[in-house]
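Read through the structure below, which is laid out as structure tokens, and then see the notes.
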Amino acid sequence: MTEFTPLVSLLGGALIGLASVLLMAFHGRIAGMTGILTGLLPPIAPDWAWRAAFLGGAIIAPALMVLLTGYDVGFASPVPTPWVIIGGLIVGVGVFFGSGCTSGHGVCGMARLSPRSIAATAVFMGASFVTVYVVRHVLGGF
């Protein structure tokens, strides 16, 4: 089970919001992680430098937090690895057909009151709720 961490969660959410606003202010780009990552895969986008810096920051920041504060960013999954891989592939298909991910639609799109992003986020959340219910209560899983 996860522990309740409201202050750390609030700080993390505020930093995600700040990063999104700064990316829009300085580069005119939406902070959609899949779109940012896609620009680093062949064919590499001409604006690859800010994409690499953004993703590098997303990786380095938790490492710095651990080093500077000693706070443990633990990860444990009770789900078997094949299920995690299958879940990742399903999410990838959803991202493709949804034309973006929860960071682009949920954080940036909803903040802009984009009807498309609001609909996409509602579908993401609805599918998540149904999936958790089916796995836990119908299949008797984790």
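The values are calculated or read from the model by the stated rules, or taken from the named source; none is laboratory data. The structure displayed is predicted, hence computed values, not measured ones. Positions of Cβ are generated from backbone atoms using ideal geometry, with glycine treated the same way; all protein chains shown enter the neighbour counts. Note: areas computed on protein heavy atoms with side chains; ligands, DNA, RNA excluded. Shrake-Rupley method; radii C 1.70, N 1.55, O 1.52, S 1.80 Å.
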(request) Test Leu37 against the stated conditions and say whether it is open to solvent by 70 Å² or more (accessible area, probe 1.4 Å), aliphatic (A, V, I, L, M) and touching a Lys or Arg at 6+ places or on another chain (Cβ under 8 Å). (result) yes
(message) Going by what's in this entry, would Val79 be described as farther than 25 Å from Leu15 by Cβ, touching a residue at least 60 places away in the same chain (Cβ under 8 Å) and surrounded by 12 or more Cβ atoms within 10 Å (Cβ to Cβ)?
(response) yes
(message) Filter the range 58-74 down to the residues that are within 19 Å of the chain's Cα centre (by Cα) and not in a loop (DSSP other than H, G, I, E, B) and list them by number.
(response) Ala58, Ile59, Ile60, Ala61, Pro62, Ala63, Met65
(request) Taking only the range 89-139 into account, find how many residues are hydroxyl-bearing (Ser, Thr, Tyr), modelled with pLDDT under 90 and not in a helix (DSSP H, G or I). (result) 1
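Considering only the range 40-57, how many residues are among the small types (Gly, Ala, Ser), in a helix (DSSP H, G or I) and open to solvent by less than 50 Å² (accessible area, probe 1.4 Å)?
Matching residues across the range 40-57 total 3.
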(message) Of everything in the range 88-128, what is open to solvent by 60 Å² or more (accessible area, probe 1.4 Å) and more than 17 Å from the chain's Cα centre (by Cα)? Give them in sequence order.
(response) Arg112, Leu113, Pro115, Arg116
(message) Can you find a residue that is under 27 Å from Ser128 (Cα atoms), in contact (Cβ under 8 Å) with a residue 24 or more places away in the chain and surrounded by 12 or more Cβ atoms within 10 Å (Cβ to Cβ) anywhere in the range 60-76?
(response) no
